[in-house]
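The values are calculated or read from the model by the stated rules, or taken from the named source; none is laboratory data. The shown structure was predicted, so the numbers you read here are calculated from the model rather than taken from an experiment. Glycine gets a Cβ as well: all are built from the backbone with ideal geometry, and neighbour counts include every protein chain shown.
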Amino acid sequence: MKSKQIIIMLLSFIILFAISCKNDDKTGSGDDYSVPTATGDPATDLTDGNYTGTLNRTAQAGSPEQDQPTIDGFYLKITANKAESGTMGALANVQVLKSGTEYSAYGESNEEGLSVKEYIKFTVSGNNITITYIAAASANGQNYKLTYEGTLSKSAS
């Protein structure tokens with residue numbers, strides 16, 4: 001019986017050590033703040049328009065200075081199959097790619113020690129867009145990644 005307990009304790013220690021090594025500061029702000037990149041071929045069939053709506057946070061890694069469980073007034077502007085969107089400025093006039101019925105776009109910027117990555121994935125249904133938005137930032141050894149989802153509606157122009 002004692003050997004079985006020792007083995008269980010040893011395995012538990014190994015698992016905890018592996019988790020600790022992956023996330024050495026134990027706060028959820030480890031070094032991996034990667035986001036997906038856009039996939040597919042350049043989109044050619046999007047209709048120009050402005051879409052707005054509210055997104056709700058569905059995941060968080062790390063600790064951003066500002067807690068923002070929702071993004072009110074999130075926008076997506078589509079012009080000539082290029083997107084402008086996001087809250088951090090990395091998605092500015094980026095090519096939208098299409099894979100099947102899904103569209104995606106990715107952008108990144110690095111200014112004054114602040115590295116930002118933004119990604120959107122969306123589907124279009126009439127005047128509505130169902131969207132996933134992922135934003136990640138890294139500065140001074142602090143990293144975070146936020147994921148939001150929601151529906152945007154086309155604004156009358």
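Every residue in region 78-114 that is within 20 Å of THR54 (Cα to Cα) and not in a strand (DSSP E or B), please.
Scanning region 78-114 gives GLY86, THR87, MET88, GLY89, ALA90.
Restricting region 59-77 to residues that are farther than 22 Å from SER153 by Cα and assigned to a strand (DSSP E or B), which is modelled with the highest pLDDT?
Among those residues, the one meeting the criterion is ALA59.
Among (1) surrounded by 15 or more Cβ atoms within 10 Å (Cβ to Cβ); (2) out of contact with any Gly (no Cβ under 7 Å at 6 or more places or on another chain); (3) modelled with pLDDT under 95; (4) among the polar types (S, T, N, Q), there is one condition SER29 misses while meeting the rest; what is its number?
Among (1) surrounded by 15 or more Cβ atoms within 10 Å (Cβ to Cβ); (2) out of contact with any Gly (no Cβ under 7 Å at 6 or more places or on another chain); (3) modelled with pLDDT under 95; (4) among the polar types (S, T, N, Q), the lone unmet condition for SER29 is (2).
Return yes or no: is LEU114 in contact with a Pro (Cβ under 9 Å, 6 or more places away or on another chain) and not charged (D, E, K, R)?
no
Can you pull out every residue in region 105-123 that is touching a residue at least 40 places away in the same chain (Cβ under 8 Å) and surrounded by fewer than 21 Cβ atoms within 10 Å (Cβ to Cβ)?
Correct list: LYS121 only.
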